[in-house]
Amino acid sequence: MEPDQPDGGWNAVFEADRTKAYRFAVPVRKLVPGVGNVYMGAYGVCDLNTGTVNSNPYFASASLTALTNGKWYWMVGYVFPAGSAGRTDAGAGVFDPSTGAVVAAGDNWTWHPTQPVQHRAYLFFAEAGTAVDFGKPLIHAID
C-alpha cells in the first residue's frame, strides 16, 4: 500500500438522528507484531461544542506498538446532538477491557445538522506483514 492509504478497514454510510447522542465502539486486536496505527472515526461531525465541520475527525487512534498481540481492545467515541454545548471528551479513546485502562485518549464530536454521515475504521501506515482484526462495530443511540 502507499504510505498515505489505509491498509484495511471501512468507510460506511450511517443514518443518524442528529438530535440524539450516539456511542460508537469498535473492538480491535493486533494479530502479529508490526508498525502501524488503528483509527476509528466519523464524517459529518463538528468540533466538540461548535458548528465547525471537522474534515478529518477520529474518536480514537493507537499505535500498534501500544497494543499487546492477540489481545482485544475497545475504540470508543461519542457524537453529541447538533448544537450541543458544555460536552467533554470523557469516555473517548482506546481501552483495555480487562483492566479499564486508557491506552490512548480520544476525542468526541457534535453532529453537523446537514452533512452526510459516515462511520470509519482503518489500519494505517502499516509495514508489510502487519495485521489486525476489527470486530463488529457497535453504534448505540443514547436516549
Which order, highest average first, do 107-119, 63-75, 90-102 follow once you tally other Cβ atoms within 10 Å for each residue and take the mean per peptide? 107-119, 63-75, 90-102
So which aspartates and glutamates can K71 reach, going by Cα to Cα under 12 Å and dropping same-chain residues fewer than 8 places off? D96, D133
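With every protein chain present, what is the per residue accessible area of segment 12-143 (1.4 Å probe, Å²)? It would help to have the intermediate numbers written out before the result.
On the way: 6080 Å² over 132 residues.
Per-residue accessible area for segment 12-143 comes out at 46 Å².
Between A128 and V32, what length in nm is gained on full extension when 0.36 nm per residue of separation is reduced by their alpha carbon distance? The partial results should precede the final answer.
Details: separation 96, 0.36 × 96 = 34.56 nm, distance 1.09 nm.
Separation in residues times 0.36 nm, less the Cα-Cα distance, equals 33.5 nm.
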State, to one decimal in nm, how far the label point of A85 lies from the label point of A105, with both points 7 Å from Cα in the Cβ direction. 2.5
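Using the Kirkwood radius over C-alpha pairs as Rh, can you work out the diffusion coefficient of segment 43-101 via Stokes-Einstein at 25 °C, viscosity 0.890 mPa s, in µm² per second? The partial results should precede the final answer.
On the way: Rh = 13.2 Å.
It diffuses with D of about 186 µm²/s by this estimate.
Give me the percent of the accessible area of the chain that comes from carbon and sulfur atoms, probe 1.4 Å, all protein chains in place.
Here it works out to 54 percent.
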Scoring the chain by relative contact order with C-alpha pairs under 8 Å, at least six apart, yields a percentage of 41
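The values are calculated or read from the model by the stated rules, or taken from the named source; none is laboratory data. All values reported here derive from a predicted model rather than from experimental measurement. Neighbour counts run over all protein chains shown; Cβ positions are idealised from the backbone, glycine included. Ligands, DNA and RNA are excluded from the accessible area calculation, which covers all protein heavy atoms including side chains. Shrake-Rupley method; radii C 1.70, N 1.55, O 1.52, S 1.80 Å.
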